[in-house]
Amino acid sequence: MDRPDVKRLARQLKALGHPNRLQLFLNLVEESQLDLAKGRTHDCFLAKLLGGLDINAPTVSHHVKELADAGLIDTERQGKQLICSVRPDALHALRALFEPTGT
């Protein structure tokens, strides 16, 4: 793994180091997998992702911004709704980090 990849992964792991951000990301990954299995787009309204989290709107906004800044998710506004989606390249890189290399 070259140095830019290590820096990018370190930033992503740091963003996931907060329990609420990790839970938001895991919720989004889960929703994405369910939608892809059903042949639907994997975008998700932020409100749907907040299950099990007891945090207020400004805190949610902060966590979403941190995940987006780390390159883990993409966001898009549709009216008053915020649409979030997992970045496939980021998910692939995180999965690859924990897969055995065969050596």
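Go through the residues of the range 60-69 one by one and say whether even a single one is part of a helix (DSSP H, G or I), surrounded by 10 or more Cβ atoms within 10 Å (Cβ to Cβ), modelled with pLDDT of 80 or more and of a type in the set (K, R).
Taking every residue of the range 60-69 in turn, at least one turns out to be part of a helix (DSSP H, G or I), surrounded by 10 or more Cβ atoms within 10 Å (Cβ to Cβ), modelled with pLDDT of 80 or more and of a type in the set (K, R).
Tell me which residues, restricted to the range 85-101, are at pLDDT below 85 and not hydrophobic (A, V, I, L, M, F, W, C).
E99, P100, T101 - these are the residues of the range 85-101 that are at pLDDT below 85 and not hydrophobic (A, V, I, L, M, F, W, C).
Is it true that E31 is modelled with pLDDT of 85 or more and either under 15 Å from the mean Cα position of the chain (by Cα) or outside any loop (DSSP other than H, G, I, E, B) (or both)?
Answer is no for this residue.
So is G51 of a type outside the set (A, V, I, L, M, F, W, C) and either in contact with a strand residue (DSSP E or B) (Cβ under 8 Å, 6 or more places away or on another chain) or modelled with pLDDT under 85 (or both) or not?
So G51 fits the description; yes.
Kindly indicate the residue of the range 70-84 that is part of a strand (DSSP E or B) and buried (at least 17 other Cβ atoms within 10 Å of the Cβ) and also modelled with the highest pLDDT among those meeting that condition.
Filtering the range 70-84 for residues that are part of a strand (DSSP E or B) and buried (at least 17 other Cβ atoms within 10 Å of the Cβ), the one modelled with the highest pLDDT comes out as I73.
The values are calculated or read from the model by the stated rules, or taken from the named source; none is laboratory data. All values derive from a computational prediction rather than experimental measurement. For neighbour counting, all protein chains shown are included, and Cβ atoms are generated from backbone atoms with ideal geometry for every residue, glycine included.
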